[in-house]
Amino acid sequence: GSTIGILGGGQLGRMLSVAASRLGFKTCIYEPGADCPASHVANHHIQADYDDTKALERFANSVDVITYEFENIPTTALDILETLRPIHPGREALRISQDRLTEKTFLQDLGLQIAPFAPVDDADSLAQAIDTIGTPSILKTRRFGYDGKGQARLTSPADASKALTDLQGAPAVLEGFVDFTAEISVIAARGTDGRVAAFDPGQNVHQDGILRTTTVPAPLPNRTLTDAVLTAGRILNALDYVGVLGVEFFVTPAGLLINEIAPRVHNSGHWTQNGCMTDQFEQHIRAVAGWPLGDGSRHSDIRMENLIGDEMDRVPSLAADPTCALHLYGKSDTKPGRKMGHANFLTPQT
Ligand code: ATP
Ligand code: MG
Ligand code: MG
């Protein structure tokens, strides 16, 4: 049997491992942390840092193909790994999605609609950006942001210096605030043969920058949902992508704007675990292993709720709820804002 190497040992790596194992693959996790969610279910865990050349080589040599659960893999590590084994999704998808400015430029060059943006490196460039984009707007770090971290909102130009201080001088982009009517995302996949499949778009609700719920079907016009799926397909093809990609959209009266893309399985695709014959994790494993993509038809209506921080208190009652499928990540310490698990609530498809 072959072995799939996964960079990153969080819950996404864990659920990828479970899916891989169900298809008969072995998995090897590369993760600096000791007691990580994926290490509990993977066949092997190489616990080492991303600057450990020997460990990276040992990892690559012990697997047949490499994938990842997060996009911030250091370039130096990729340089070593890619000489030894194929990495899916490929280098270009990572390069683009590691940096919001590169990503926005890429999407704009594809002719896709995004919020107005401008690069910000210091007080002068922020003042310039505010001149063109105005307020309200959001200053976001170019790199490493997730769950709304590394972002500062500007309600007026007077908030400029506070926003710069909040981001501690990190290279950033200023983004126009979008008065959206809804947020949706598309989880789509592309195989090594170039075939594309997409799950139904889900409607997302965020709170304090963190995803709270995803609902399918999204209660939106078909043209909006179709546009979202086709847009995701354009991105997959432009990147010659292999694997699952998440695309987040703002729905506005004028049409869709892309918020951001993620070159991996995505929190807003967790509903597929109980809503589809092939879920996003299996779909990703199929793609990176060179299998045909599975069928992502939806057989149920679902609301996914994240269990964040002390919401683990809800587990006993959720466990007794016959409409709820529970997914817990095996994290021992609860911290505010930490994703501990999720619950998929099912109703028969209408
Ligand atoms: P993720 O965990 O999804 O990677 P992130 O840290 O990259 O999150 P974003 O997706 O940029 O953060 O923003 C998080 C949420 O904040 C969005 O889903 C949306 O609800 C809100 N938001 C972000 N940018 C804007 C904007 N330009 N206008 C309005 N709301 C926004
Ligand atoms: Mg993001
Ligand atoms: Mg996001």
Item to check | Residue among 315, 276, 341 farthest towards the positive dipole end of the range 182-348, charges placed on Cβ | outcome: 276
Item to check | Pairwise Lys count, the chain - Cα closer than 20 Å, eight or more residues apart or different chains | outcome: 8
Checklist entry - Of the residues 230, 307, 107, which exhibits the maximal mean-square fluctuation in a Gaussian network model of the chain defined by a 10 Å Cα contact cut-off? => result 230
Checklist entry - Quick one: putting +1 on the C-beta of Lys and Arg, -1 on the C-beta of Asp and Glu, what dipole do you get for the chain around its Cα centre, in Debye to the nearest 20? => result 640
Next on the checklist: Quick check for me: using +1 on Lys/Arg Cβ and -1 on Asp/Glu Cβ, what's the dipole size of the range 182-348 about its Cα centre, in debye to the nearest 20?
Outcome noted: 200
Checklist entry - What residues of the range 194-213 lie in the reach of a label at residue 182, counting those whose backbone N is under 19 Å from a point 7 Å from the Cα along Cα→Cβ? => result 198-207, 211-213
Checklist entry - Which of the trypsin sites (Lys or Arg not before Pro) across the range 82-189 are loop residues per DSSP, with 13 or fewer other Cβ within 10 Å? => result 149
Item to check | Within a Gaussian network of the chain (alpha carbon springs, distance under 10 Å), most fluctuating of 310, 166, 52 | outcome: 52
Checklist outcome for this item: Asserting the computed 222 nm helical MRE of the chain (DSSP H runs at least 4 long, -39500 (n - 2.57) per run, divided by residue count, to nearest 500) equals -8000 deg cm²/dmol
Checklist outcome for this item: Dimensionless Rg/Rh of the chain, both radii on Cα and Rh by Kirkwood, sits at 0.96
Checklist outcome for this item: Residue separation between residue 323 and residue 58 times 0.36 nm, minus their alpha-carbon distance, gives in nm 91.0 nm
Checklist entry - When the dipole is taken about the Cα centre of the range 116-176, and only Lys, Arg (+1) and Asp, Glu (-1) are charged at their Cβ, what size is it in debye, to the nearest 20? => result 220
Checklist outcome for this item: For the range 116-171, the Debye formula with one identical point scatterer on each Cα and no solvent gives log10 I(q)/I(0) at q = 0.18, 0.24, 0.27, 0.31 Å⁻¹ as -0.50, -0.92, -1.17, -1.52
Checklist entry - Considering the chain as a Gaussian network with a 10 Å cut-off on Cα pairs, which listed residue, 146, 329, 68, attains the greatest mean-square fluctuation? => result 146
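Bear in mind that the values in this text are calculations on the coordinates, not laboratory data. Since we're looking at a predicted model, the values are computed, not measured. When we count neighbours, we look across all protein chains shown, and the Cβ atoms used for this are built from the backbone with ideal geometry, even at glycine.
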